[in-house]
Amino acid sequence: MLLILVLLLSGCGGSAPTNSAANNSAAASPAGPAPSPLKGFEADLQYIRNGQYTYVWVFSRKDGKPLEPADSIFLRANAPQVVDWVTTDEGKKVIAGTNFNLEEGNLEALKKRYVAEDYSNR
């Protein structure tokens, strides 16, 4: 009698019955290829975009050389409104994220020294 009671209680677990055929077919059919993980510049750009900034700028030296500490000082001094800076592309570019329109600030001074690319709406 006790054995029957245990079997009855264990069968009434409260969970809905599962359809193993439906579960197997869902697992067998792929939803599509998984996107490849972003690397390098694209990953760094996505990091800044995830910050939900209104303006995203990419700065690089006009001679194509890696940025030096003096470049960092100049950029930060002339764009103090930038919230996030990410150095990327083997140190040759820096991505800036801000909610301030740099065109209303020192963008012209920055453009005299650097290549400035607006990635805000890309």
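The values are calculated or read from the model by the stated rules, or taken from the named source; none is laboratory data. Treat the numbers as computed from the prediction; the structure is a model and nothing was measured. Cβ atoms come from the backbone with ideal geometry, glycine included; neighbour counts cover every protein chain shown.
Summary table below
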item	result
Boolean, ASP89 is in contact with a helix residue (DSSP H, G or I) (Cβ under 7 Å, 6 or more places away or on another chain) and of a type in the set (Asp, Glu)	yes
Residue in the range 53-60 that is among the polar types (S, T, N, Q), part of a helix (DSSP H, G or I), exposed (fewer than 14 other Cβ atoms within 10 Å of the Cβ) and at pLDDT 95 or above present	no
Among the candidates GLY64, GLY51, residue that is touching an Asp or Glu at 6+ places or on another chain (Cβ under 9 Å) and either over 26 Å from LEU38 (Cβ atoms) or not β-branched (Val, Ile, Thr) (or both)	GLY51
Members of the range 92-110 that are surrounded by 14 or more Cβ atoms within 10 Å (Cβ to Cβ) and either within 15 Å of ARG61 (Cα to Cα) or touching a Lys or Arg at 6+ places or on another chain (Cβ under 6 Å) (or both)	LYS92, LYS93, VAL94, ILE95, ALA96, LEU107, LEU110
Subset of the range 80-117 [among the acidic types (Asp, Glu), closer than 13 Å to TYR55 by Cβ and over 17 Å from the mean Cα position of the chain (by Cα)]	GLU103, GLU104, GLU117
Meets criteria (of a type outside the set (Gly, Ala, Ser), at pLDDT 95 or above and in contact with a helix residue (DSSP H, G or I) (Cβ under 7 Å, 6 or more places away or on another chain)) for LEU110	yes
Filter result (of a type outside the set (Asp, Glu) and within 12 Å of TYR114 (Cα to Cα)) within the range 52-65	TRP57, VAL58, PHE59, SER60, ARG61, LYS62, GLY64, LYS65
